[in-house]
Structures are given as C-alpha cells and as structure tokens.
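Please read the structure below before turning to the comments.
The numbers here are math on the coordinates, done by the rules we state, and not lab data. Bear in mind that the values here come from a model prediction, so they are computed numbers and not experimental data. Here the Cβ positions follow ideal geometry from the backbone for every residue, glycine too, while neighbour counts run over all protein chains shown.
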C-alpha cells in the first residue's frame, strides 16, 4: 500500500471508478473537485462529495469562477446550449473548456506538494483523446514532467486508465462493486440524465444500456 494520493474527482463515472480502484492502493486519499461554472456542476459536485464520504477520503471543493467568466465553452453556464447527438468534432468540440485539465492538475499539484503527497491521479481515458487535447497521454506525461521539475518534493501525475476506453472502465467498476447511480455524466445538468447529449450517449454505450445493464435513469 502506497502512502497518499490526490485524486481529481469530478463526480462522473470515470473518476468514481478510479476512486474505487485506487482506494485500497493508498493509505490516505485526498479528493479535489472543482466548480468552474459548468451547467452540470451542482449534480456532479453532489455526487463527488457523496463518493468521497462513501470511500472515506478527504474532500475539498475549489471554486474557479474566472473560467465561467473568461472562457468560451457550451459546457459553461455562460455558454451556448449543449448540442445533442454523438461525439463529432464539428459539434461536441464546443464543450471543450480550454486547458481545463491543465489548470486543475496545476492546482492539485500545489495542493499535493503543500501536503507532502507524491502522486496526483486523473481519470483520463482513451475515449477522451480524439476530442479533448488535455486528456491525451502525451499531455499528462508533459504535465507530470513539468510537475516533477517544478516542485521541491517531486509530484507525479498518473492516469491509470489512459489505455482503457469507457466500457472497459465500466466493466472494471462492476468488478469492484461500484454503484454507477452515484455518478453524474449529463452535461445539461437537469434533474435526470437527458439521454441525448454526447456524454449521455457515451455513458449508455459504456454501461451497455441496450443490454439492460445501465442502472441510470434517463429522460429519453
């Protein structure tokens, strides 16, 4: 068992499974969640806080209001409507929040060094790579190198799911007994998952909705 780790815990299914997977591997874990003005922030953050409590980890919420005020993305409350339909570069790229992971990782690294923690975990996976540049393996590796160079007690960034797709993560979660109803994916932030935005479609595929294995309640 390793000593401590910081995990970026969004409240989504990927970071939730990462928490379940990593919890027995570390003596203590510190979960950090960010409120950066996303439309679905209230839902995600509620899930993240509950997951941290369920897995007995420290929880810190950090507000980043400047992102909603200064950045352009349909994911933000200040942005346009979330598009429906599957991931396509010509539409879903509007949900990219510029350098979001870079900003969050940098803050997590500062927190980690302040608390003498050598590892920051992020749940980036292979399905993110085509759309989100700050989820790619080479980006994480570059951030990890910068982090080790920029800290007195080197902090490394690890993305254990980098080689997995979302369905593989879902299957891992089932093997761990993870409760997917305790996570949130939908970008629209309604009372239920809409079932029609790209992230809902991706969630349905990962959790095998057509096979009756997805426990999520959807509007459509």
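For the pair residue 46 and residue 80, the difference between a 0.36 nm per residue extended length and the Cα-Cα distance amounts to 9.9 nm. Tally the DSSP beta bridges in the range 2-211 and give the antiparallel ones as a percent, rounded to 5. Of those bridges, close to 10 percent are antiparallel. Report the normalised scattering of the range 1-66 as log10 I(q)/I(0) at q = 0.28 Å⁻¹, calculated by the Debye formula with identical scatterers on the alpha carbons. For the requested q values the scattering log ratios are -1.22.
In terms of packing, defined here as the mean over residues of other Cβ atoms within 10 angstrom, the peptides 48-57, 210-219 line up highest first as 48-57, 210-219.
For the range 107-220, the orientation-averaged shadow of the C-alpha convex hull comes to 8.4 nm² (one quarter of the hull surface). Distance from the alpha carbon centroid of the range 117-196 to that of the range 22-80 works out to 13 angstrom. Diffusion coefficient of the chain by Stokes-Einstein, Kirkwood radius over Cα pairs, 4 °C, 1.567 mPa s: 74 µm²/s. Remark: 152, 71, 66 ranked as 152, 66, 71, counting other beta-carbon atoms within 10 Å and listing the fewest first. Volume per residue of the convex hull around the Cα atoms, evaluated for the range 23-108, comes out as 125 Å³.
Relative to the longest principal axis of the Cα atoms of the chain, the long axis of helix 166-175 makes an angle of roughly 70 degrees. With respect to the chain, whose longest principal axis is taken over its alpha-carbon atoms, helix 137-149 is tilted by about 30°.
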